[in-house]
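Enquirer: My questions all concern the structure below.
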Amino acid sequence: MSKQYLTIHSVDQAHPTEIFSLAPTPNGIISASGSSSLQVHSTTEPTFPLVQTIKNAHKLGCHHVCTAKGSKGTTAASVGFGGEIKVWTNTNSEWSLSFEISPSKEKGTGDVWAVALSEDQKYLAATTSDGRIHVWDLAAKEKVQSYETGASSSGGNGETSGGSFAMAVDLSRDGKFTASGHENGSVYVFNNEAGKMVYSLSGLTKPVRSVAFSPGCKRLAAAGMAGIIAIYDMQHGEHVSNLTASTTRPAWITSIDWNDTGEYLLSGSQDGKVKVWDVARGVCVATHSESEGGLWAVKWLPKSERALAPGMGKGEMFCAAGANKSLTFYREATGI
């Protein structure tokens with residue numbers, strides 16, 4: 001059984017360069033690109049108008065921005081191509097800079113790449129180019145956990161060699177677990193309370209571009225250049241299924257996101273297609289050819305209890321963005 005989603009609006013040329021990342025809030029969506037500014041669009045009005053431009057957010061452009069799934073949407077974090085992390089706070093519907101974590105100058109440390117927030121907005125996880133994963137306590141503004149994924153060096157000095165580029169990260173909604181995806185296809189899960197790795201997961205042999213915990217943390221999804229979405233059971237760390245398109249050469253998957261019920265996964269890929277997957281059945285139930293250019297980010301929007309406009313249903317909505325520099329919004333074609 002398929003599901004129908006309709007394109008309800010497109011914000012053309014939302015950025016002057018391609019869009020790399022999206023971060024939804026209860027009433028808006030933040031987008032980041034190769035330009036220095038972050039853009040904030042309303043998701044409670046039919047035309048999805050621009051409500052704020054955060055100018056000079058990142059001098060060299062921004063490759064990741066995040067908010068916490070299921071949160072109040074008052075905290076966001078972004079990472080620039082200069083290696084800086086910025087934490088933003090929403091007060092009276094305006095985003096402003098709370099504080100900045102400067103690029104590390106320590107010898108042997110990699111550049112920061114992906115970021116994720118816990119649902120309570122208290123913890124921030126970030127990956128590095130040398131395979132490390134760091135967790136910060138935002139209230140204390142200090143690093144509380146650091147995980148190594150590199151092998152021990154043979155020099156006998158107790159140091160570790162660099163691990164594989166950590167390209168993706170997610171925090172479970174309760175903040176207990178951190179998952180990372182790496183350039184060599186590795187997927188790791190860490191217990192933040194115990195401060196140690198609990199699972200090293202198999203199933204992917206090519207770079208992992210996105211990892212995502214299900215809302216109840218019963219499943220972890222991972223996807224990337226292998227063109228499949230691997231699903232793992234978090235109780236035992238088992239690889240339970242793959243979601244894959246019926247083609248001999250599936251496109252690279254750049255972004256995945258669970259819906260609020262954990263029934264469906266959204267994916268965006270380099271062939272410009274957005275797909276909705278029924279996880280229990282293991283099948284794709286909707287496909288949209290978004291653009292000829294690749295997609296870098298796809299996100300479900302928080303479900304609204306009201307229609308945006310007369311005749312528009314209250315079903316689930318999602319947003320896709322990428323190389324065409326536009327934001328495209330979709331809604332489920334059911335419900336009034």
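Any read-out appearing in this document is the output of simple, stated calculations on the displayed coordinates, not a laboratory observation. Please read all numbers here as calculations on a predicted model, not as lab measurements. Here the Cβ positions follow ideal geometry from the backbone for every residue, glycine too, while neighbour counts run over all protein chains shown.
Enquirer: May I ask you to list the residues of the stretch 8-29 whose amide nitrogen lies under 16 Å from a point 7 Å from Cα along the Cα→beta-carbon direction of Phe81?
Expert: It comes to 15-21, nothing else.
Enquirer: Local charge sum around Leu266 (other residues, Cβ-Cβ under 10 Å, Lys/Arg +1, Asp/Glu -1)?
Expert: 0
Enquirer: Sticking with this structure for a sec: Using a Förster distance of 22 Å, how high is the FRET efficiency between Val283 and Glu238, based on the Cβ-Cβ distance and rounded to 0.05?
Expert: 0.60
Enquirer: Could you tell me the convex hull volume per residue, in Å³, taken over the Cα atoms of the stretch 1-96?
Expert: Given the Cα convex hull of the stretch 1-96, per-residue volume reads 119 Å³.
Enquirer: What length, rounded to one decimal in nm, is gained on full extension from Thr89 through to Lys141, with 0.36 nm per residue of separation minus their alpha-carbon distance?
Expert: Result: 17.3 nm gained on full extension.
Enquirer: Once the other residues with Cβ under 12 Å from the Cβ of Val65 are scored (Lys, Arg +1; Asp, Glu -1), what is the net sum?
Expert: After counting each charged neighbour, the total is +2.
Enquirer: Okay, moving on. Out of Ala140, Ala116, Ala286, any idea which swings most in a Gaussian network model of the chain, alpha carbons joined below 10 Å?
Expert: Per the Cα network of the chain with a 10 Å cutoff, Ala140 tops the list.
Enquirer: Something else now. With a Förster radius of 41 Å, plug the Cβ-Cβ distance of Thr247 and Lys196 into 1/(1 + (r/R0)^6) and report the FRET value to the nearest 0.05.
Expert: Efficiency for this residue pair is about 0.55.
Enquirer: Among rounded, prolate and oblate, which fits the stretch 170-307 when a ≥ b ≥ c are the square roots of the eigenvalues of its C-alpha gyration tensor, a/c under 1.5 means rounded, and a/b larger than b/c means prolate?
Expert: Oblate is the answer for the stretch 170-307, as a/c is 1.5 or above yet b/c matches or exceeds a/b.
Enquirer: Separate question: In terms of modelled amide H atoms, which long-range or inter-chain residues lie less than 5 Å from the amide H of Ser21?
Expert: The answer is Ala32.
Enquirer: Continuing with this model, one more query. On a 26 Å Cα-Cα criterion, which of the cross-link pairs Lys3/Lys273; Lys72/Lys273; Lys3/Lys69; Lys122/Lys325 come out too long?
Expert: Those over the limit are Lys72/Lys273; Lys122/Lys325.
Enquirer: Rounded, prolate or oblate, given the Cα gyration tensor of the chain, with a/c below 1.5 counting as rounded?
Expert: Taking the square roots of the gyration eigenvalues as a ≥ b ≥ c, the chain is oblate.
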